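Engineer: Sharing a structure with you now.
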Amino acid sequence: MTHAAVAAHTPQFRPAFHFTPAGNWMNDPNGLIFHRGVYHLFFQYHPDSSVWGPMHWGHATSTDLLRWQQQPIALRPDALGMIFSGSAVVDHENRAGFGPTGSSPLVAMFTHHDRAAEKAGRIDRQHQSLAYSLDEGRSWTKHAGNPVIANPGRQDFRDPKLRWLPERQRWIASLACGDRIAFYSSPDLRAWTLESEFGAGVGAHGGVWECPDLLPLTGPDGRTRWVLLVSLTPGGPNGGSATQYFIGQFDGHRFTPDDTQVRWLDVGPDNYAGVTWDGVHDRALFIGWMSNWRYAKDLPTAPWRSAMTMPRELALRQADDGMWVASLPARELLALQQPATLTCRQQRIDRPLDLSAGLSGSQGRFVLRLATAALRGFTLALANDAGDALRIGYDDTAHQWWVDRRDSGEVGFHPDFAGRHAAPRLGVGNAADLQLWFDATSVELFADGGLSTMTSLFFPRQPWQRATLASPDQLMLDELTIQPLRDPR
Ligand code: FRU
């Protein structure tokens, strides 16, 4: 990528309902907490550059998950190191004692990454530390006794995700340790005990494990299982970064998976390091970093680099071959939908169907929904006058949903960006449903009630002007709609 291209601002590439920082580099979501009606989104942030560097925690807030307001930086590097990923909780009983009696401080646990130790070749470069806020997350004070979990001699030792276990009256911190997750417990967030480790030799191990999240989900059968999210990079199903998960039991000390099946939360290339919000009790609310370490620093956007995914709700669902975690857009997103600009009902696709009318006035923000009683192969193509095309479809032979961005516009900024990415169909039976959420430079695919999901970035040289649906297998549509999405900003 040339410097001239980086220097030019690219407002046409800025999404409307996905969070982006006003400027500079962002990666993982951190410290996700819902408190007193406000969703807090902290994030890995380099405020001085559009590439990764000394990490801070940036901060944004929202009351509706649609409009985000960027706030002052929450945490800056200090003598113990950079501020890597972590989480936040409300300390309702003031167990850590950071606030006056009767107060409920917000407490964040993050990884201090000691760059000097790293440069000196020392293994003990990552430690877990605390910070607290007594003013609803506006300002943060680092704990004087940091670190609270010192490095036990592991090069990778990071990304603590906190959860309160009422049955044990303990906090649990899940920590990524290279090829495994370690679980620590504490009564007061200050003193920590190693409980157990999970994962060596289990699941996908094509890269280092990062950003765990351990959460309970109740299945359609009414039984609660524990889900352990584990991001890894590289080694994702379509290359580079991706998030896998395990379904099993957690007895307060130890995680035991129900089986050894490898499962991916999102099979597309651009959903990484995602975790769930603390303090949201009626659902598991998730958000990920919408990028991939393979090419994140080369994405052709300026003056910011990186967006988050849409917030999503995770739920356990039964498929033919067992239990899976399905994801769907957070219900708040539905409020962005405007009246359909295109609707087709009971239509057989025996020749390419022109859907272009559906795009008029959408400004690249729309949701396309498709439902059929008998799924067949098809290709949906979006095109513009610059010769770009983004193709999305279903392969009836391979039983795969796919997204092909090889011709989608600017793809040459990194050799790993262009590609055709596929996800196995996990749906049950012939009937299928699909939703595709577009926001300027991203598409998030949710198929079969969210059992298969894919997230992909693309950078067209002009807005999409035409859309067509073709099916060599004569797909019979029950219904297809395109709805423009309101710009909530
Ligand atoms: C994941 C990650 C984390 C680390 C952070 C550093 O993307 O590598 O493991 O804490 O990014 O920015």
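Engineer: Can you return the aspartates and glutamates within cross-link range of LYS297? Criterion is Cα-Cα under 16 Å, with same-chain partners fewer than 8 residues away left out.
Structural biologist: Filter leaves ASP28, ASP48, ASP270, GLU410, ASP416.
Engineer: Suppose only helical runs count, i.e. DSSP H with n ≥ 4. What mean residue ellipticity at 222 nm does that imply for the chain under -39500 (n - 2.57) per run, divided by all residues and rounded to the nearest 500 deg cm²/dmol?
Structural biologist: Calculated at 222 nm, the ellipticity per residue is -500 deg cm²/dmol.
Engineer: Could you order VAL51, VAL275 by accessible surface area, starting with the largest, using a probe radius of 1.4 Å?
Structural biologist: So, going from the largest accessible area down, we get VAL51, VAL275.
Engineer: Something else now. Amide H to amide H under 5 Å from LEU477: which residues, 5+ apart in sequence or cross-chain, H placed 1.01 Å off N in plane?
Structural biologist: Hits under the 5 Å cutoff: GLN347, ARG348, ILE349.
Engineer: Taking only protein heavy atoms and a 1.4 Å probe, what accessible area per residue, in Å², does the chain have with all protein chains in place?
Structural biologist: Dividing the accessible area of the chain by its residue count gives 37 Å².
Engineer: Note the per residue figure in Å³ for the convex hull of the C-alpha positions in the stretch 337-484.
Structural biologist: Convex hull volume per residue, Cα atoms: 100 Å³.
Engineer: Only Cα pairs under 8 Å and at least 6 apart count here; give the relative contact order of the chain as a rounded whole percent.
Structural biologist: Result for the chain is 14 percent.
Engineer: Roughly how many percent of the accessible protein surface of the stretch 368-489 is carbon and sulfur, given a 1.4 Å probe and a whole-percent answer?
Structural biologist: That fraction is 47 percent.
Engineer: Tell me the Kirkwood radius of the stretch 150-289: reciprocal of the mean inverse pair distance over distinct alpha-carbon atoms, in Å.
Structural biologist: So the Kirkwood estimate lands at 15.3 Å.
Engineer: Rounded to the nearest 20 debye, what is the charge dipole size of the stretch 3-329 about its Cα centre when +1 sits on each Lys and Arg Cβ and -1 on each Asp and Glu Cβ?
Structural biologist: About 560 debye.
Engineer: Using the Cα centre as the reference, give the magnitude of the dipole from point charges on the C-beta atoms of the stretch 337-484 (Lys, Arg: +1; Asp, Glu: -1; all else neutral), rounded to the nearest 20 debye.
Structural biologist: Dipole about the Cα centre, nearest 20: 140 debye.
Engineer: Using the alpha carbons of the stretch 3-329, what is the convex hull volume per residue in cubic angstrom, as a whole number?
Structural biologist: Convex hull volume per residue, Cα atoms: 135 Å³.
Engineer: Residue separation times 0.36 nm, minus the C-alpha to C-alpha distance between GLN465 and GLN337: what's the value?
Structural biologist: 44.1 nm
The values are calculated or read from the model by the stated rules, or taken from the named source; none is laboratory data. These figures come from a predicted structure and were not determined experimentally. Cβ coordinates were reconstructed from backbone atoms using ideal geometry, including for glycine residues, and neighbour counts include every protein chain displayed. What goes into the accessible areas is simple: the full protein's heavy atoms, side chains included, and nothing from ligands, DNA or RNA. Shrake-Rupley method; radii C 1.70, N 1.55, O 1.52, S 1.80 Å.
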